[in-house]
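A short write-up of the structure that comes next.
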Amino acid sequence: MKPLIPSDLHARSEHNQSKPRLMFFGDPHGDLDPVIAAVERFQPEAIVLLGDIQARQPLHVELRPVLDLTEVWFIHGNHDTDSDADYDNLWGSELADRNLHGRIVEIAGYKVAGLGGIFRSKIWDPRQPIKEASFASADTLHRSMRPEERWRGGVGRRHRSTIFPDVYLQLLRSPPADILVTHEAPAAHPHGWQAIDELAETLGVQLVIHGHHHQSIDYLAEGMQSAAAPFRAFGVDMGSHLAWPRNPQKETGSEVLPQDLLDLAMQVLGAEAPAWLDKPHKLLDGQTPAAFAAGGGSEKVRSMLNAIQYGGVV
Ligand SMILES: [Fe+2]
(Lines give C-alpha, C1' and ligand atoms only; values in the text may rest on other atoms or scores of the structure.)
Protein backbone atom coordinates (compact mmCIF):
# COMPACT_ATOMS: atom_id res chain seq x y z
CA MET A 1 0.00 0.00 0.00
CA LYS A 2 1.33 3.41 -0.92
CA PRO A 3 1.71 5.65 2.13
CA LEU A 4 -0.66 8.60 2.01
CA ILE A 5 1.95 11.07 3.14
CA PRO A 6 4.36 11.74 0.30
CA SER A 7 7.39 12.60 2.37
CA ASP A 8 8.27 9.36 4.07
CA LEU A 9 11.43 11.08 5.26
CA HIS A 10 9.54 13.01 7.85
CA ALA A 11 10.25 11.71 11.32
CA ARG A 12 7.20 10.14 12.89
CA SER A 13 6.87 7.38 15.45
CA GLU A 14 9.53 7.09 18.11
CA HIS A 15 8.66 3.42 18.41
CA ASN A 16 10.64 2.64 15.30
CA GLN A 17 12.61 5.80 14.83
CA SER A 18 16.35 5.63 15.31
CA LYS A 19 18.08 8.94 15.92
CA PRO A 20 18.42 10.89 12.67
CA ARG A 21 21.82 12.26 11.86
CA LEU A 22 20.49 15.48 10.41
CA MET A 23 17.22 17.34 10.64
CA PHE A 24 16.29 20.29 8.42
CA PHE A 25 13.74 22.84 9.60
CA GLY A 26 11.55 25.06 7.42
CA ASP A 27 11.37 28.84 7.96
CA PRO A 28 10.67 29.44 11.67
CA HIS A 29 9.58 33.10 11.22
CA GLY A 30 10.14 33.69 14.93
CA ASP A 31 8.60 30.48 16.29
CA LEU A 32 11.38 28.13 17.35
CA ASP A 33 9.17 25.95 19.58
CA PRO A 34 8.70 23.25 16.90
CA VAL A 35 12.49 23.12 16.47
CA ILE A 36 13.05 22.68 20.21
CA ALA A 37 10.28 20.07 20.49
CA ALA A 38 11.63 18.02 17.58
CA VAL A 39 15.25 18.15 18.77
CA GLU A 40 14.25 17.09 22.28
CA ARG A 41 12.24 14.22 20.87
CA PHE A 42 14.49 12.93 18.10
CA GLN A 43 17.90 14.12 19.31
CA PRO A 44 19.56 14.44 15.88
CA GLU A 45 23.32 14.83 15.70
CA ALA A 46 22.86 18.20 13.98
CA ILE A 47 20.16 20.51 12.67
CA VAL A 48 20.03 23.03 9.84
CA LEU A 49 17.53 25.91 9.80
CA LEU A 50 16.59 26.80 6.23
CA GLY A 51 16.31 30.57 6.63
CA ASP A 52 13.68 33.19 7.56
CA ILE A 53 14.50 32.51 11.17
CA GLN A 54 13.54 35.96 12.52
CA ALA A 55 14.46 34.97 16.06
CA ARG A 56 12.77 37.20 18.65
CA GLN A 57 15.86 37.02 20.86
CA PRO A 58 19.42 36.19 19.83
CA LEU A 59 19.35 32.74 18.24
CA HIS A 60 21.56 31.14 20.89
CA VAL A 61 19.12 32.36 23.55
CA GLU A 62 16.11 31.00 21.66
CA LEU A 63 17.77 27.63 21.15
CA ARG A 64 19.44 27.38 24.56
CA PRO A 65 17.28 24.38 25.63
CA VAL A 66 18.79 22.24 22.85
CA LEU A 67 22.32 23.56 22.46
CA ASP A 68 23.69 20.64 24.51
CA LEU A 69 21.59 18.12 22.58
CA THR A 70 22.54 18.91 18.99
CA GLU A 71 24.79 20.95 16.74
CA VAL A 72 23.04 23.99 15.26
CA TRP A 73 23.65 25.26 11.72
CA PHE A 74 21.61 27.54 9.48
CA ILE A 75 21.36 29.59 6.34
CA HIS A 76 19.65 32.98 6.35
CA GLY A 77 16.53 33.87 4.36
CA ASN A 78 15.28 37.10 2.80
CA HIS A 79 13.22 38.00 5.89
CA ASP A 80 16.24 37.81 8.17
CA THR A 81 17.11 41.31 6.97
CA ASP A 82 13.61 42.79 7.35
CA SER A 83 14.46 44.71 10.53
CA ASP A 84 17.48 45.54 12.65
CA ALA A 85 16.20 43.06 15.26
CA ASP A 86 15.86 40.26 12.69
CA TYR A 87 19.40 40.95 11.53
CA ASP A 88 20.98 41.36 14.96
CA ASN A 89 19.30 38.30 16.49
CA LEU A 90 20.97 36.19 13.81
CA TRP A 91 24.23 37.86 12.77
CA GLY A 92 24.78 39.20 16.30
CA SER A 93 24.08 35.84 17.95
CA GLU A 94 26.73 33.58 19.44
CA LEU A 95 25.68 31.13 16.71
CA ALA A 96 26.45 33.61 13.90
CA ASP A 97 29.47 31.54 12.83
CA ARG A 98 27.14 28.60 12.09
CA ASN A 99 25.87 30.27 8.91
CA LEU A 100 26.58 27.89 5.99
CA HIS A 101 26.10 30.60 3.36
CA GLY A 102 28.77 30.36 0.65
CA ARG A 103 30.71 27.45 2.15
CA ILE A 104 30.83 23.71 2.72
CA VAL A 105 31.03 22.26 6.22
CA GLU A 106 31.20 18.63 7.29
CA ILE A 107 28.17 18.07 9.51
CA ALA A 108 27.20 14.71 11.01
CA GLY A 109 29.36 12.98 8.40
CA TYR A 110 27.96 14.86 5.39
CA LYS A 111 29.59 17.66 3.44
CA VAL A 112 26.86 20.29 3.51
CA ALA A 113 27.00 23.29 1.16
CA GLY A 114 24.88 26.36 1.92
CA LEU A 115 23.42 29.20 -0.12
CA GLY A 116 21.29 31.55 1.96
CA GLY A 117 19.25 34.53 0.83
CA ILE A 118 17.46 35.13 -2.44
CA PHE A 119 18.19 36.35 -5.95
CA ARG A 120 17.33 40.03 -6.46
CA SER A 121 17.35 41.25 -10.04
CA LYS A 122 18.74 44.66 -9.05
CA ILE A 123 21.97 42.79 -8.25
CA TRP A 124 21.82 39.67 -10.42
CA ASP A 125 18.95 38.02 -12.26
CA PRO A 126 20.26 34.45 -12.56
CA ARG A 127 18.32 33.95 -15.80
CA GLN A 128 20.96 36.24 -17.28
CA PRO A 129 24.63 35.29 -17.63
CA ILE A 130 26.49 35.92 -14.40
CA LYS A 131 28.94 38.22 -16.20
CA GLU A 132 26.02 40.56 -16.93
CA ALA A 133 25.08 41.00 -13.28
CA SER A 134 24.69 44.63 -12.19
CA PHE A 135 26.99 44.07 -9.23
CA ALA A 136 29.52 41.24 -8.95
CA SER A 137 29.88 41.49 -5.19
CA ALA A 138 28.69 43.32 -2.10
CA ASP A 139 31.94 45.24 -2.25
CA THR A 140 31.19 46.49 -5.78
CA LEU A 141 27.74 47.63 -4.67
CA HIS A 142 29.21 49.27 -1.58
CA ARG A 143 31.67 51.31 -3.61
CA SER A 144 28.88 52.57 -5.86
CA MET A 145 26.83 53.89 -2.92
CA ARG A 146 26.77 57.36 -1.45
CA PRO A 147 27.82 57.40 2.22
CA GLU A 148 24.30 58.28 3.38
CA GLU A 149 22.92 55.21 1.60
CA ARG A 150 25.13 52.84 3.54
CA TRP A 151 23.99 50.80 6.50
CA ARG A 152 26.46 50.27 9.30
CA GLY A 153 29.26 51.17 6.94
CA GLY A 154 28.32 48.66 4.27
CA VAL A 155 25.55 47.78 1.81
CA GLY A 156 21.95 48.30 2.81
CA ARG A 157 20.47 45.83 5.28
CA ARG A 158 18.15 44.32 2.68
CA HIS A 159 21.05 43.34 0.43
CA ARG A 160 22.71 41.47 3.28
CA SER A 161 20.31 38.68 2.26
CA THR A 162 20.84 39.03 -1.50
CA ILE A 163 22.79 36.38 -3.40
CA PHE A 164 25.80 38.09 -5.00
CA PRO A 165 27.59 36.51 -7.97
CA ASP A 166 30.96 36.24 -6.21
CA VAL A 167 29.53 34.12 -3.39
CA TYR A 168 27.70 31.90 -5.85
CA LEU A 169 30.84 31.46 -7.97
CA GLN A 170 32.98 30.72 -4.95
CA LEU A 171 30.61 27.95 -3.96
CA LEU A 172 30.38 26.70 -7.54
CA ARG A 173 34.18 26.28 -7.61
CA SER A 174 34.32 24.48 -4.27
CA PRO A 175 35.18 20.80 -3.86
CA PRO A 176 32.31 18.29 -4.11
CA ALA A 177 29.61 18.13 -1.45
CA ASP A 178 26.88 15.68 -0.42
CA ILE A 179 23.99 18.00 0.40
CA LEU A 180 23.08 21.52 -0.73
CA VAL A 181 20.82 23.63 1.50
CA THR A 182 19.29 26.73 -0.04
CA HIS A 183 16.60 29.24 0.75
CA GLU A 184 15.64 29.51 -2.92
CA ALA A 185 14.11 26.49 -4.67
CA PRO A 186 15.55 24.43 -7.55
CA ALA A 187 14.24 24.75 -11.10
CA ALA A 188 11.51 22.11 -10.77
CA HIS A 189 9.60 24.42 -8.43
CA PRO A 190 7.26 26.92 -10.14
CA HIS A 191 9.26 29.72 -8.49
CA GLY A 192 12.61 27.92 -8.61
CA TRP A 193 15.87 28.64 -10.40
CA GLN A 194 18.07 26.81 -12.85
CA ALA A 195 21.06 28.39 -11.09
CA ILE A 196 20.30 26.24 -8.03
CA ASP A 197 20.28 23.09 -10.20
CA GLU A 198 23.57 24.08 -11.84
CA LEU A 199 25.15 24.61 -8.45
CA ALA A 200 23.84 21.27 -7.17
CA GLU A 201 25.05 19.40 -10.25
CA THR A 202 28.47 21.05 -10.24
CA LEU A 203 28.95 20.22 -6.56
CA GLY A 204 27.73 16.69 -7.24
CA VAL A 205 25.30 16.68 -4.33
CA GLN A 206 22.75 13.89 -3.96
CA LEU A 207 20.29 16.06 -2.13
CA VAL A 208 18.95 19.64 -2.29
CA ILE A 209 16.78 20.91 0.58
CA HIS A 210 15.17 24.34 0.59
CA GLY A 211 12.82 26.57 2.56
CA HIS A 212 11.22 29.90 1.54
CA HIS A 213 8.04 28.60 -0.08
CA HIS A 214 6.32 27.18 2.99
CA GLN A 215 5.59 23.84 1.38
CA SER A 216 6.78 20.35 2.26
CA ILE A 217 7.59 18.84 -1.11
CA ASP A 218 9.14 15.52 -2.03
CA TYR A 219 9.91 16.44 -5.63
CA LEU A 220 10.22 12.82 -6.75
CA ALA A 221 7.00 11.64 -5.11
CA GLU A 222 5.13 14.68 -6.43
CA GLY A 223 6.25 13.91 -9.99
CA MET A 224 8.15 17.20 -10.18
CA GLN A 225 11.42 15.38 -10.69
CA SER A 226 12.29 12.10 -12.39
CA ALA A 227 14.08 9.21 -10.69
CA ALA A 228 16.93 9.82 -13.14
CA ALA A 229 17.52 13.36 -11.87
CA PRO A 230 21.09 13.94 -10.66
CA PHE A 231 19.89 14.88 -7.17
CA ARG A 232 16.79 14.48 -5.02
CA ALA A 233 15.04 17.62 -3.89
CA PHE A 234 12.82 18.43 -0.92
CA GLY A 235 11.08 21.57 0.24
CA VAL A 236 10.37 21.94 3.96
CA ASP A 237 7.33 23.83 5.23
CA MET A 238 7.33 26.49 7.91
CA GLY A 239 7.11 24.72 11.30
CA SER A 240 7.95 21.37 9.72
CA HIS A 241 11.09 19.29 9.40
CA LEU A 242 12.82 16.66 7.33
CA ALA A 243 15.06 13.97 8.83
CA TRP A 244 18.04 12.52 7.00
CA PRO A 245 18.92 9.82 6.20
CA ARG A 246 15.59 8.19 5.77
CA ASN A 247 14.80 5.43 8.22
CA PRO A 248 14.87 2.07 6.35
CA GLN A 249 12.04 0.82 8.55
CA LYS A 250 9.81 3.43 6.97
CA GLU A 251 10.12 1.58 3.68
CA THR A 252 8.10 -1.33 5.10
CA GLY A 253 4.96 0.77 5.39
CA SER A 254 4.61 -0.54 8.95
CA GLU A 255 3.66 2.86 10.23
CA VAL A 256 0.96 3.64 7.72
CA LEU A 257 -1.95 5.25 9.52
CA PRO A 258 -5.23 3.41 10.13
CA GLN A 259 -7.27 3.56 6.93
CA ASP A 260 -10.33 5.00 8.61
CA LEU A 261 -8.23 7.87 9.97
CA LEU A 262 -6.83 8.59 6.53
CA ASP A 263 -10.33 8.50 5.11
CA LEU A 264 -11.54 10.92 7.78
CA ALA A 265 -8.64 13.30 7.12
CA MET A 266 -9.36 13.28 3.39
CA GLN A 267 -13.07 13.80 4.01
CA VAL A 268 -12.47 16.76 6.34
CA LEU A 269 -9.45 18.40 4.73
CA GLY A 270 -9.43 17.13 1.15
CA ALA A 271 -6.18 17.88 -0.65
CA GLU A 272 -4.83 19.60 2.47
CA ALA A 273 -4.90 16.32 4.45
CA PRO A 274 -1.33 15.12 3.74
CA ALA A 275 0.15 18.50 4.70
CA TRP A 276 -1.92 18.69 7.89
CA LEU A 277 -1.02 15.15 8.94
CA ASP A 278 2.67 15.81 8.43
CA LYS A 279 2.94 19.18 10.14
CA PRO A 280 3.92 19.43 13.84
CA HIS A 281 0.96 20.49 15.96
CA LYS A 282 1.06 22.36 19.26
CA LEU A 283 -1.85 20.33 20.67
CA LEU A 284 0.26 17.21 20.13
CA ASP A 285 3.35 18.48 21.92
CA GLY A 286 4.88 19.51 18.62
CA GLN A 287 4.47 16.07 17.03
CA THR A 288 2.82 15.68 13.66
CA PRO A 289 -0.70 14.18 13.69
CA ALA A 290 0.73 11.30 11.62
CA ALA A 291 3.44 10.57 14.20
CA PHE A 292 1.04 10.94 17.09
CA ALA A 293 -1.48 8.57 15.54
CA ALA A 294 1.18 6.04 14.53
CA GLY A 295 2.45 6.13 18.11
CA GLY A 296 -0.94 5.09 19.48
CA GLY A 297 -2.72 8.45 19.59
CA SER A 298 -5.25 7.85 16.81
CA GLU A 299 -8.21 8.78 19.00
CA LYS A 300 -6.90 12.25 19.76
CA VAL A 301 -6.15 12.91 16.09
CA ARG A 302 -9.61 11.64 15.19
CA SER A 303 -11.21 14.00 17.71
CA MET A 304 -9.21 16.92 16.30
CA LEU A 305 -10.44 16.14 12.81
CA ASN A 306 -14.00 15.92 14.10
CA ALA A 307 -13.57 19.32 15.76
CA ILE A 308 -12.38 20.81 12.47
CA GLN A 309 -15.27 19.22 10.62
CA TYR A 310 -17.83 20.65 13.00
CA GLY A 311 -16.49 24.14 13.05
CA GLY A 312 -13.75 24.05 15.66
CA VAL A 313 -10.41 25.66 15.06
CA VAL A 314 -7.66 23.14 15.74
FE1 LIG B 1 11.90 33.43 2.43
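The values are calculated or read from the model by the stated rules, or taken from the named source; none is laboratory data. As the structure is a computational prediction, the values presented were derived from the model and not from experiment. Cβ sites come from the backbone with ideal geometry, for glycine too, and all protein chains shown count toward neighbours. Just so you know, the surface numbers come from the protein's heavy atoms only, side chains and all, with ligands and any DNA or RNA stripped out. Shrake-Rupley method; radii C 1.70, N 1.55, O 1.52, S 1.80 Å.
What do you get when you divide the Cα radius of gyration of the stretch 256-309 by 2.2 N^0.38 Å, with N the number of residues? Display every interim value, and only then the final one.
Details: Rg = 9.7 Å, N = 54, 2.2 N^0.38 = 10.0 Å.
Working it through for the stretch 256-309, the quotient is 0.97.
Among DSSP beta bridges whose residues both lie in the stretch 73-206, state the antiparallel percentage, nearest 5. Mind showing how you got there, number by number?
Details: 5 of 13 bridges.
Bridges in the stretch 73-206 are about 40 percent antiparallel.
For the chain, give the share of DSSP beta bridges that are antiparallel, in percent and rounded to the nearest 5; count only bridges with both residues there. Walk me through the numbers before you get to the answer.
Values: 11 of 36 bridges.
Antiparallel bridges make up about 30 percent of those DSSP assigns within the chain.
Which length gain, in nm to one decimal place, applies between Ala96 and Gln128 when the Cα-Cα distance is subtracted from 0.36 nm times their residue separation?
On the way: separation 32, 0.36 × 32 = 11.52 nm, distance 3.18 nm.
Going from the current span to full extension adds 8.3 nm.
Could you tell me which of rounded, prolate or oblate describes the stretch 167-219, using a ≥ b ≥ c as the square roots of the eigenvalues of the alpha-carbon gyration tensor, with rounded for a/c under 1.5 and, failing that, prolate when a/b is larger than b/c and oblate otherwise? Before the final figure, lay out the partial values.
Values: a/c = 2.10, a/b = 1.71, b/c = 1.23.
Prolate, because a/c is 1.5 or more and a/b exceeds b/c.
Where the only charges are on Cβ atoms (+1 Lys, Arg; -1 Asp, Glu), what is the dipole of the stretch 22-249 about its Cα centre, to the nearest 20 debye?
Using Cβ point charges on Lys, Arg, Asp and Glu, the stretch 22-249 gives about 620 debye.
Can you work out the accessible area per residue across the chain, with the rest of the protein chains kept in place, probe 1.4 Å, in square angstrom? Don't skip to the answer; put the middle values down first.
On the way: 13800 Å² over 314 residues.
Normalised by residue count, the accessible surface of the chain is 44 Å².
With the full set of protein chains in place, find how many percent of the accessible area of the chain is carbon and sulfur; take the probe as 1.4 Å.
Numbers: 6870 of 13800 Å².
Heavy-atom surface of the chain belonging to carbon and sulfur, 1.4 Å probe: 50 percent.
Quickly work out the Lys300-to-Glu272 label distance, labels modelled 7 Å from Cα along the C-beta direction, and quote it in nm with one decimal.
Result: 2.2 nm between the two label points.
Run the reach check for Lys122 against aspartates and glutamates, Cα to Cα strictly under 14 Å, same-chain hits fewer than 8 apart removed. What comes back?
List returned: Glu132.
Using Cα-Cα distances under 8 Å and only pairs 6 or more residues apart, what relative contact order does the chain have, in percent?
On the way: 633 pairs, mean separation 68.1, N = 314.
Rounded, it is 22 percent for the chain.
Rank these by accessible area, largest first, 1.4 Å probe: Ser226, Ser174. Please list the in-between numbers first.
Details: Ser226 70, Ser174 30 Å².
These residues rank, largest area first, as Ser226, Ser174.
If Met145, Met266, Met23 are ordered by their accessible area, calculated over protein heavy atoms with a 1.4 Å probe, which sequence runs from highest to lowest? It would help to have the intermediate numbers written out before the result.
Working: Met145 30, Met266 80, Met23 0 Å².
Descending order: Met266, Met145, Met23.
Taking Cα pairs under 8 Å and at least six residues apart, what relative contact order does the stretch 256-309 come out at, in percent? Kindly include the intermediate steps, with their values, before the conclusion.
Working: 41 pairs, mean separation 18.2, N = 54.
It comes to 34 percent, rounded to a whole number.
Where Lys and Arg each count +1 and Asp and Glu each count -1, what net charge lies around Gln128 among other residues with Cβ under 14 Å from its Cβ?
Working: positive: Arg120, Lys122, Arg127, Lys131; negative: Asp125, Glu132, Glu198.
So the surrounding residues net to +1.
Assuming a ≥ b ≥ c are the square roots of the Cα gyration tensor eigenvalues, decide whether the stretch 103-164 counts as rounded (a/c under 1.5), prolate (otherwise, with a/b larger than b/c) or oblate. List each step's numbers first, then the result.
Numbers: a/c = 2.90, a/b = 1.58, b/c = 1.83.
Judged from the Cα gyration tensor, the stretch 103-164 comes out oblate (a/c at least 1.5, b/c at or above a/b).
Could you state the angle between the C-alpha long axis of helix 298-309 and the longest principal axis of the C-alpha atoms of the chain, as a value from 0 to 90 degrees rounded to the nearest 10?
Between the helix axis and the principal axis of the chain, the angle is about 70 degrees.
Using only the alpha-carbon atoms of the chain, report the extent along each of the three principal axes, biggest first, to the nearest angstrom.
Computed over the chain, the largest-to-smallest principal extents equal 64, 43, 38 Å.
Cα gyration tensor of the stretch 116-261, axes a ≥ b ≥ c as square roots of the eigenvalues: rounded (a/c below 1.5), prolate (a/b > b/c) or oblate? Intermediate results must be reported in sequence, preceding the final value.
Values: a/c = 2.80, a/b = 2.09, b/c = 1.34.
Since a/c reaches 1.5 and a/b is larger than b/c, the shape of the stretch 116-261 is classed as prolate.
At a probe size of 1.4 Å, how large is the accessible area of Arg146, to the nearest 10 Å²?
130
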